[in-house]
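S.K.: My structure is below; once you've seen it, I'll send some questions.
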Amino acid sequence: MENHINNKYKVLFVCLGNICRSPAAQGIFEHIVRENSMQDRIEADSAGIYGGHSGAHPDRRMRTAALYRGYGLTHSARQVRGYDFPDFDLIVAMDDQNYEDLMHLAPSVEDSHKIVRMASYLTDHKISYIPDPYYMGSEGFSLVLDLLEDGCRNLYESIVKTL
């Protein structure tokens, strides 16, 4: 895969509103990147299909659950933009609806090949998508963090093999 001008491999995590799953994935992934001293080679961001939360911090419940595990989530929500496609090497959808929405937003067939499902990186869990914890209670946030830790670890390993 082609790297960009700053020579960093860029990953964009995408969920519906960019306040729960995708900022958590970004925080976990960035933590893994820092642990492996790869900040000069890999960077991440997150965005939402829906723009109604733009500028908002991640959901308080997700921030609390993530902080308990050592992840500080400071991202400000934003909507996916057309120029995200050429700007990122990989665009990671949290569920099938996000995946389909991203496929419709992709400006070219080449850009659509950058879109993947987060669940395809899961090895410790048998689930085909990352559920939205917004209405699930605290157990939902813990489950999502478990899934994202699994998926982000495997995603990181797959990227490092290509660098």
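None of the figures in this text is laboratory data; all of them are computed from the coordinates on show. Treat the numbers as computed from the prediction; the structure is a model and nothing was measured. With ideal geometry, Cβ positions are generated from the backbone for all residues, glycine too; neighbour counts draw on all protein chains shown.
S.K.: Return one quarter of the surface area of the convex hull spanned by the alpha-carbon atoms of the chain, equal to its mean projected area, in nm².
M.R.: Averaged projected area of the chain's Cα convex hull equals 8.8 nm².
S.K.: Sort M62, M118, M103 by Cβ crowding within 10 Å, fewest neighbours at the top.
M.R.: M103, M62, M118
S.K.: Same structure again: Lys and Arg at +1, Asp and Glu at -1: add these up for the other residues within a Cβ distance under 14 Å of D95 and post the number.
M.R.: That sum, taken over residues with Cβ under 14 Å, equals -2.
S.K.: Moving to a separate point now. Neighbouring Cβ atoms within 10 Å as the yardstick, rank S142, S46 fewest first.
M.R.: S142, S46
S.K.: Further, regarding this structure: State the number of lysine pairs found in the chain whose Cα atoms come within less than 17 Å, restricting to pairs 8 or more positions apart or on distinct chains.
M.R.: Lysine pair count for the chain: 5.
S.K.: Mean residue ellipticity at 222 nm from the helices of the chain, using -39,500 (n - 2.57) per DSSP H segment of n ≥ 4 over the full residue count, to the nearest 500 deg cm²/dmol?
M.R.: Computed ellipticity for the chain at 222 nm equals -12500 deg cm²/dmol.
S.K.: Can you tell me the dipole magnitude for the chain around its Cα centre, using point charges on the Cβ only (Lys, Arg +1; Asp, Glu -1), in Debye to the nearest 20?
M.R.: Computed charge dipole of the chain: roughly 380 debye.
S.K.: Test of understanding: ordering F141, F85 by Cβ neighbours within 10 Å, fewest first, what list do you get?
M.R.: Exposure proxy ranking, most exposed first: F85, F141.
S.K.: What is the pair-distance distribution P(r) of the stretch 1-95, computed from all Cα-Cα distances in 5 Å bins starting at 0, with each bin given as a whole percent?
M.R.: 3, 15, 24, 24, 20, 11, 3, 0
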